[in-house]
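Presented below is the structure to which this report refers.
The values are calculated or read from the model by the stated rules, or taken from the named source; none is laboratory data. Note that the structure is a prediction, hence the values are computed from the model and not measured. Cβ placement follows ideal geometry from the backbone for every residue including glycine, while neighbour counts extend to all protein chains displayed. Surface accessibility is based on the protein's heavy atoms, side chains included, excluding ligands, DNA and RNA. Shrake-Rupley method; radii C 1.70, N 1.55, O 1.52, S 1.80 Å.
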Amino acid sequence: MKLDQAYKEYKIYITINEGKATKTIEAYLCDINSYIEYLKSIDIINIEDIKYQHILEYINKMKEDYSLNSITRKSISIRSFHKFLAFKYDYNDPSINLTVHAATKSLPVFLSIEEVDKIMNTFTDSLEDILNHSLLEIIYACGLRVSEVCNLTLSQVDLNVGIVKIIGKGNKERIVPIPKNSISILKKYSDVVRVVYNKNKNNYFFINKKGNKIRSEYIENMLKCIVVELGLNPNITPHKLRHSYATHLLANGSDLRSIQELLGHSDIATTQIYTHVESNRMIENYKRYHPKERNK
């Protein structure tokens, strides 16, 4: 089979059958496209002619320009590509012995409860502030991604029952409860602000004063202005509110599996990074408060 035909077959497979997020699919296909271009540059045009040594040479060449995390992802993409071809067409899999190193993950930055309260208490009763408060409230209170908030429709939010239905990465659906103390501000937005702003009969739950869908850039810029005004860490972003949600749940006794479901992580390993955050916090508290540590 020619390389270009194999790429087309793989593209159909990963797009339809894998259930991966759009950005993940794009990254995999970009990796495979680069891989195929390299193979062509060394005069390989058929899948059957690819050897393990060719893959190894390609990976080593990539090390000159890419980080370990990027190399890891490219290796995973290549293994996925060859695994598919081996399964569907019974080709030998030249990537079977390819070692994939675990990608390093930096610990997520999160806010203290006091910092979250400081942000939420800064809003007034103006229509714009009620909207802005509601946007940050639902991100923190429900641990939502910014994109999920922007794409929320009226049918996904039930303020009477206190739940929000999320369509997350890979079109996976999850139900997230809305804390009782957060429902009041969301109802205030829905009953007071949205009815004024909804000039275009928009079906999105969050809309701006022109009646259009809220964009992620709006939320990011709005929060940036608030944290600068309050003198907080200027690197605080809406996504760090989501990290704070998970960290605070864990600190208050929630189990990791529940947090995984609430965040919409497909792999528990993604959620486990919050245990490292909590462990670091415990160590810091130990060093700060234990008498033996203080007396050094």
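With the other protein chains left in place, how much accessible area per residue, in square angstrom, belongs to the chain at a 1.4 angstrom probe? Write down the numbers at each step before the final one.
Working: 16840 Å² over 296 residues.
Heavy-atom accessible area per residue stands at 57 Å².
What do the square roots of 5 times the Cα gyration tensor eigenvalues come to for the chain, in whole Å, largest first, as semi-axes of the equivalent ellipsoid? Walk me through the numbers on the way to the answer.
On the way: eigenvalues 365, 146, 57 Å².
Square roots of five times the eigenvalues give 43, 27, 17 Å.
Roughly how many percent of the accessible protein surface of the chain is carbon and sulfur, given a 1.4 Å probe and a whole-percent answer?
With neighbouring chains kept in place, the figure for the chain is 50 percent.
Note down the nm distance, to one decimal, between modelled labels 7 Å out along Cα→Cβ at Arg174 and at Ile96.
The two pseudo-label positions are separated by 3.6 nm.
Quick check for me: using +1 on Lys/Arg Cβ and -1 on Asp/Glu Cβ, what's the dipole size of the range 119-189 about its Cα centre, in debye to the nearest 20? Before the final figure, lay out each step's value.
On the way: 8 positive and 7 negative charges, 73 e Å.
Here the range 119-189 has a charge dipole of around 340 debye.
Choose one of Ser258, Leu98, Asn198: the residue whose Cα lies farthest towards the positive end of the charge dipole of the chain (beta-carbon charges +1 Lys, Arg; -1 Asp, Glu; about the Cα centre).
Positive-most Cα among the choices belongs to Asn198.
What does the charge dipole of the range 150-261 about its Cα centre add up to, to the nearest 20 debye, if the Cβ of each Lys and Arg holds +1 and the Cβ of each Asp and Glu holds -1? If you can, show how the numbers build up before the last one.
Numbers: 18 positive and 8 negative charges, 82 e Å.
Charge dipole of the range 150-261: 400 debye, to the nearest 20.
Taking 0.36 nm per residue of sequence separation and subtracting the Cα-Cα distance, how much length would be gained by fully extending the chain between Asp4 and Lys51, in nm to one decimal?
15.2 nm
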